[in-house]
Amino acid sequence: MSSPPPPAYEAPSYYGVYKGVRNAAWRLLLRVGADALPVSCAETARRLGIPVLGYAQGLPLLRAMGLTDHCRDNDGFAVHVGHRWCIFLSNALPPGVNRDFTLAHELGHAVLGHAPEERRDADRGRVRFTRANTREWDVGLERDDILERDANMLAARLLSPACVLWGLGLRTAEDIARVCGLPLAVARQRAARMALLYQRDLFLRDKTEQALFARFLPYLQAQGPLPQPCANKLAALNVGQ
């Protein structure tokens, strides 16, 4: 009698992926000591020990790894050599929103341990790299590339944690973009997600999120009185006491 076939593979549910990325963003913010908006991506990278180089500054390394071709069509990419990540950003990206989100996206690849492409280099060993392109932000979560989607998800939640937006009473894409330093296309996605969280009152249900909110609480209180639903929940949960 033949044995039954193995069960068919089932991909993780979208909510399971979302939850994992969301939780990774919370843990990252706690790990690097973030306590105010806007979150500094450069400081986040520094605390993670990940070098961030412009294409011009990193040209000798890029040449040695045979990756100079990737500088032409990409705003940035992350390289993993051995046990260390390094992020390269286009010098054409001026300081500000575009550069910050590109860096946050690449940090997302590193934090989530992505390795979508591999090549062999006789001198450098295995090189792993991913790409970001600001022209593709507006498609965000609709993209077919799961790794790029997840990196965008983490970047948005790194720069605009939902519980902090709630503590500030932020709802509109314009306000979220202004306070968090997000591209407007990304802020629109966050505003849509926040609308659902507000509707269902889905804040501070996780101990990690509560710890993150307590970290940001002095900053939030310095901006003015907390929204009443927020103050009521804090009292009920004894968060930040």
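Short to long, the 10 Å bins of the Cα pair-distance histogram for the range 14-233 hold 8, 34, 35, 17, 6, 1, 0 percent of all pairs. Here Met153, Met194 are placed in order of increasing Cβ neighbour count within 10 Å, fewest first, which gives Met194, Met153. Descending by average beta-carbon neighbour count within 10 Å, the peptides 222-229, 53-60 line up as 53-60, 222-229, the highest first.
Each label was represented as a point 7 Å from its Cα along the Cα-to-Cβ direction; for Ala36 and Lys207 these points are 3.0 nm apart. Give the calculated FRET efficiency between Leu147 and Leu61 to the nearest 0.05, with a Förster radius of 22 Å applied to their Cβ-Cβ distance. Result of the calculation: an efficiency of 0.45. Modelled spin-label separation between Gln199 and Asp175, with each label point placed 7 Å from Cα along the Cα-to-Cβ direction: 1.8 nm.
No value in this document is a laboratory result; all are computed from the given coordinates. As the structure is a computational prediction, the values presented were derived from the model and not from experiment. Here Cβ is always computed from backbone atoms with ideal geometry, including for glycine, and neighbour counts include all displayed protein chains.
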